[in-house]
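The numbers here are math on the coordinates, done by the rules we state, and not lab data. Nothing here was measured: the structure is a model prediction, and the numbers come from that model. Every residue, glycine as well, gets a Cβ built from its backbone with ideal geometry; the counts of neighbours run over all protein chains shown.
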Amino acid sequence: MLNSFIFFILGIVSGLPLALTASTFSMRLVDLGISKSTIGALGILGFVYSFKFLYSPILDYFSLPVIKKILPKRRDWMALSAVLCATGMIFSSFVSNADDLFLISACVLFIAISSTLFDISCDAFRIEAVSRDKQGGITAIFIYGYRVGMLISGGFALFLADKYGWKMTYLSLAGIYLSLAAIGILLSLSIKHEYKEQHNSKNETFATKFRTIFLNPFIDLLKKPYTKIFLLMIAIFKITDVYVGQMMNPFLVEIGFSKSEIAAVVKGFGFFATLIGAGFGGYLTTKFSSSKIIIFAILFQIFANQLFILQNHFGHNVYVLSGVIAIENFSSSIGNIVLVFCISRACNRQFSATQYAVMSSFASFSRSVLSAGSGFLASNLGWNAFFLTAGLLEIPCLLIAIFLMRKKVL
C-alpha cells in the first residue's frame with residue numbers, strides 16, 4: 001500500500017511540469033499578447049521530451065558525487081532534477097513582460113529539460129524497484145498521479161492565474177512541486193532497490209568509456225531476438241488514437257459542438273473515463289499475459305474509434321458524444337498502460353534509464369511523425385471513411401503482436 005502511495009506521489013511530480021511547457025505556457029503567452037504564430041512556433045520546446053534518450057545514458061552510468069552520499073542511485077538524480085525544475089518555475093515567475101519572451105522561453109526550456117531528468121530517473125527506479133508481475137498495477141497508480149499533476153499545472157494553474165496572477169501561480173506551483181518531490185523521494189528510501197552498478201574504471205580510455213556509457217545500452221537492446229519488430233509494433237501501437245485525436249476537435253466543431261461543450265465532455269467527462277481505464281488496464285496486467293492484453297488493447301482501440309462514425313450519424317448530440325468519449329478515453333488509457341507495461345518489461349535493468357527512454361521516445365516521436373497525414377486524409381476522404389481508415393492503420397500492429405506472441409517474445 002505504501003509503495004502505491006509513493007509512486008502516486010512520484011507520478012504527480014513527474015506530470016506537474018508538463019502543462020507548464022505546453023497548454024499553460026500558451027495561455028500565459030496569450031495574456032502577454034504574443035501572436036498566434038509565435039505561440040505555435042514555441043511549441044517546438046516540447047520536443048525536449050522526445051529526445052530525452054540522448055542524455056539518459058549519463059543517468060544510467062553516473063551517480064552524483066555529493067548527493068550520492070545522502071541519497072542512493074536514482075534518488076540522487078531525482079532530487080537534483082526536482083530542485084532544478086522548481087528553480088526554473090521560480091525564475092519564470094519573475095518574468096512578466098512580452099519584451100522578455102526570450103527569458104520566458106529559456107525558463108520553459110530549463111523546466112522541460114529538468115523535468116525529463118526526473119522522468120528518466122523515476123522511470124528507471126520504477127522498473128528496477130518493482131517486480132515484473134507488479135509493473136502493470138504500479139504503472140496505473142503512477143499514471144493516476146501523472147494525470148493529477150497535469151491537472152494541477154493545467155486547470156488549477158489557470159484558476160490561480162485568473163485570481164492571483166502568473167507570478168503567484170508559478171511560485172505556488174514551485175512550492176507544491178518541491179514539497180511533493182521531497183515527500184516522494186524520502187518515502188522511496190523505504191523501497192528495496194537492487195541496482196547493478198556499471199563498471200566505472202578510472203583507467204578506461206575515452207573510447208571504452210564512450211562505448212560503455214552510450215553504446216552498450218543500445219547494443220544490449222538490439223541484440224535481443226525480434227527487437228526491431230517489437231520497436232515497429234510500439235511505433236504504430238496507438239496510431240489510430242493519434243490520427244483520430246489529431247482531428248477530433250475539427251470534427252466536433254464541424255458537426256456543431258461549441259468549445260464549451262467540447263471542454264465539458266472531452267476534457268471533463270473524458271478525464272474520469274481515462275482514470276477508470278488506467279485502473280482497468282493495470283488490473284489486466286496482473287491477470288493476463290502481456291501478449292493477450294496487447295491484442296485486446298489493439299482491438300479495443302480499433303472498435304472505440306469507429307464509434308465516431310456513429311457520432312457523425314447523430315451529429316450534434318451531447319449524450320452520444322459522452323458515450324463515445326467515455327469508451328474512447330477508456331480504451332486509450334488501457335492502451336497507454338499496456339504500452340508502458342510492455343516497454344518496462346523489455347528493459348534490461350542494468351540500462352533501464354536509457355532503454356526505457358529510447359523506446360518510449362521512439363514510440364512517441366514515431367506517432368507524431370506518422371500522424372502528420374491525418375488532416376490530408378480527413379480532407380480527402382470525408383469523416384466516415386477517415387475514421388474507418390484510421391482503424392485499418394492499426395491492423396499491421398495487430399499482425400505484429402500476433403507474430404511476436406507466437407514467437408513467445410511478448
(request) Quickly work out the Ser96-to-Ile44 label distance, labels modelled 7 Å from Cα along the C-beta direction, and quote it in nm with one decimal. (result) 3.1 nm
(request) Between beta-carbons, use under 15 Å as the cut-off and find the net charge around Phe53, counting Lys and Arg +1, Asp and Glu -1. (result) -3
(message) For the pair Lys68/Tyr55, report the inter-label distance in nm, with labels modelled 7 Å from Cα in the Cβ direction.
(response) 1.9 nm
(request) Calculate for the chain the 222 nm mean residue ellipticity that helices alone would give, adding -39,500 (n - 2.57) per DSSP H run of length 4 or more and normalising by residue count, nearest 500 deg cm²/dmol. (result) -23000 deg cm²/dmol
(request) Would you list, by chain and number, the lysines whose Cα falls below 16 Å from the Cα of Lys134, excluding same-chain residues fewer than 8 positions away? (result) Lys192, Lys287
(request) Take each complete run of DSSP H in the chain, measure how far its Cα atoms stretch along the helix's own axis, and keep only those covering 18 Å or more with mean Kyte-Doolittle hydropathy at least -0.5; list them. (result) 2-15, 75-93, 101-129, 135-151, 166-188, 239-254, 270-287, 290-314, 318-346, 352-370
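State whether the chain is rounded, prolate or oblate according to the following rule on the C-alpha gyration tensor (a ≥ b ≥ c being the square roots of its eigenvalues): a/c under 1.5 gives rounded; otherwise a/b larger than b/c gives prolate, and the remaining case gives oblate.
Values: a/c = 1.70, a/b = 1.14, b/c = 1.49.
Oblate is the answer for the chain, as a/c is 1.5 or above yet b/c matches or exceeds a/b.
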(request) Of the listed pairs Lys73/Lys292; Lys68/Lys167; Lys238/Lys407, which have alpha-carbon separations greater than 32 Å here? (result) Lys73/Lys292; Lys68/Lys167
(request) Could you let me know the centre-to-centre spacing of segment 15-51 and segment 338-410, using Cα atoms, in angstrom? (result) 26 Å
(message) Tell me which of Ser360, Ala390, Phe300 sits at the most positive position along the dipole axis of segment 300-410, charges placed on C-beta atoms (Lys, Arg +1; Asp, Glu -1).
(response) Ser360
(message) Which residue, Leu20, Leu101, Ala124, has the largest displacement toward the positive end of the dipole of the chain when charges sit on each Cβ (Lys, Arg +1; Asp, Glu -1)?
(response) Ala124
(message) As an exercise, identify the chymotrypsin sites (Phe, Trp or Tyr not before Pro) in segment 281-385 lying in DSSP coil whose Cβ has no more than 15 other Cβ atoms within 10 Å.
(response) Phe288
(request) Under 20 Å Cα to Cα from Lys209, which aspartates and glutamates show up? Leave out anything in the same chain fewer than 8 places away. (result) Asp60, Glu197, Asp220
(request) Could you pull out the longest piece of the chain with no exposed loop GluC sites (Glu not before Pro) in it, calling a site exposed if DSSP puts it outside H, G, I, E, B and it has at most 16 other Cβ atoms within 10 Å? (result) 205-410
